[in-house]
1. Which of the lysines could a cross-linker span from residue 370 if the Cα-Cα distance has to be under 19 Å and same-chain partners fewer than 8 positions apart are dropped?
2. Report for the chain the percent antiparallel among DSSP-assigned beta bridges with both residues inside it, nearest 5.
3. For the stretch 119-255, just say rounded, prolate or oblate: build the C-alpha gyration tensor, square-root its eigenvalues into a ≥ b ≥ c, call rounded for a/c under 1.5, and beyond that prolate if a/b exceeds b/c, oblate if not.
4. Sorting check: for 125-132, 455-462, which peptide has the highest mean count of neighbouring beta carbons within 10 Å, and how do the rest follow?
5. Just to be sure I understand the model, the point goes 7 Å from the Cα along the line to the Cβ. What's the resulting residue 246 to residue 37 distance in nm?
6. Shape verdict for the stretch 175-315, please, from the Cα gyration tensor: rounded (a/c under 1.5), prolate (a/b greater than b/c) or oblate.
7. I'm spelling it out carefully: the read-out is volume of the Cα convex hull per residue in Å³, the candidates are (i) 207; (ii) 156; (iii) 288, and one was derived from this structure. Which label?
8. Here is the link list: 4/455; 162/189; 94/333. Which ones come out longer than 21 Å on Cα distance?
Amino acid sequence: MERKDIESLFTRAKDIRALVIGDLMLDEYLWGKAERISPEAPVQVVDVTREDLRLGGAGNVVNNLVALGCQVAVCSVIGGDENGSHLRHAFTGKGVDLNGVFEDPLRLTSKKTRVIAANQQIVRIDRESRDEISLLFEEKVLDFLAAEAYRFNVILVSDYLKGVLTPRVLEAVCATGRRLGIPVVIDPKGNDYGKYRGATMLTPNRKEAETASRIAIRDVESLTKAAGLLLEGLELDAVLITRSEEGMSLFKRDGKTVHIPTVAREVYDVTGAGDTVLSVLSLCLACGLEPGEAARVANVAAGIAVGKLGTSTVSPGEIIAEIGHGHQDSDAKIKNLDVLASMVAAEREKGKRLVFTNGCFDLLHVGHVKYLQKARTFGDLLVIGLNSDASVRRLKGESRPLIEESERAHILAALDCVDYVVIFDEDTPLRLINTLRPQVLVKGGDYTPERVVGKEVVESYGGRVELVTFVDGKSTTNIIDKIRKGA
């Protein structure tokens, strides 16, 4: 995927309603220095300098979705204890719907305490319940699901084997997703994967896939066999197996397979990386991306997550920057219309004057450059509407364009005088003009004002049309003719 498509994805994220169901817990971090050995026993003494309490388990999935811009609701069962109160308080200010979080006074809220010195985890202390929730609270979860599931675009299941996700609950979640056409994406745990039958997608790591399939994964052949058993045996649409330094492999029910290499980077902590994969993958599916593209975005996010210490989130900006790294300057200027519209509206509020022009710009030449440099002088921002390949073929014939749309966009974006490029598929840029509302509309001097598409629109709100004369004898058609003649 290109940067512009990822930007559009996160623009749509605000409209996505995600339900996270699973085991909520607290992650406590005690940071300090370990510079001496205890006289009482041969263990390190840690002088604690900082304490940090974070949402863990399904709560870290929620944090990731909030960071990505989604609307989030949670369904779980916690204890009616002090840690339960701390857990609820940790959601403060996140805008998360907690109506599906039920308190059982007989249950212990899960809390994991990690002691860290010199960026190394020394010990972990767990306080938790692992028993299945009682029948009373199982019914509360099922009733919530039956009444509320229709409101969501995607359901994420975060299973840490702490007892919330009973076989009845999981069966209801998967059946509800199928019935309503809502993707159900599960981060699985344990030995019995039969409880996940009917889900849309599972995201096990290699060890988990080996345990569930009972196949030792040593190569692509054994990996494929293990994935096939999971797909068929559990009636899944897809399974995404994360493979640490070897990346990820997506297997679909239709037989298609995508192997995605990892992005080389220093690994600080893999804690919570699976939560990041689950969150980003689910958002992408809810936004309509096909599973292969969704997995690629999730792979990028996972690479960012493992570069952070502890359960951390990944922001849209980090993902966009990583995906756009290959074309840092030009890539940042190429936008989809939904993203660009909000950007230019914000610039207009600051008093910036928007200039717009459009064209095919096939075989960029000095005439184009001089034209665009002149256009930029009419305002503060120059946006180019670039005809897509399909649009160029309709306008100029099947032999055109000579250069495909992505390359043309990057060439234009590399010019200092150009601020943004947006590709459009229509024969005219009228939709772009209506959406962007430029104050200045620029066309070549071979046009008359009456022939300029969008003139009436721009003038209706006080804008104007400017005609710029091209450099004599400089045109793509002339260049093509010279090449054909061997000149």
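1. 443, 474
2. Here the share of antiparallel DSSP bridges comes out near 35 percent.
3. Because a/c hits 1.5 or more and a/b fails to exceed b/c, the stretch 119-255 counts as oblate.
4. Order by mean packing, descending: 125-132, 455-462.
5. Roughly 4.1 nm, to one decimal.
6. Here the stretch 175-315 falls in the oblate category.
7. Structure-derived value, by its label: (i).
8. Checking Cα-Cα distances, 4/455; 94/333 exceed 21 Å.
Coordinate-derived values only; no laboratory data. These numbers were taken from a predicted model, which means no experiment stands behind them. Every residue, glycine among them, receives a Cβ derived from its backbone with ideal geometry; neighbour counts consider all protein chains shown.
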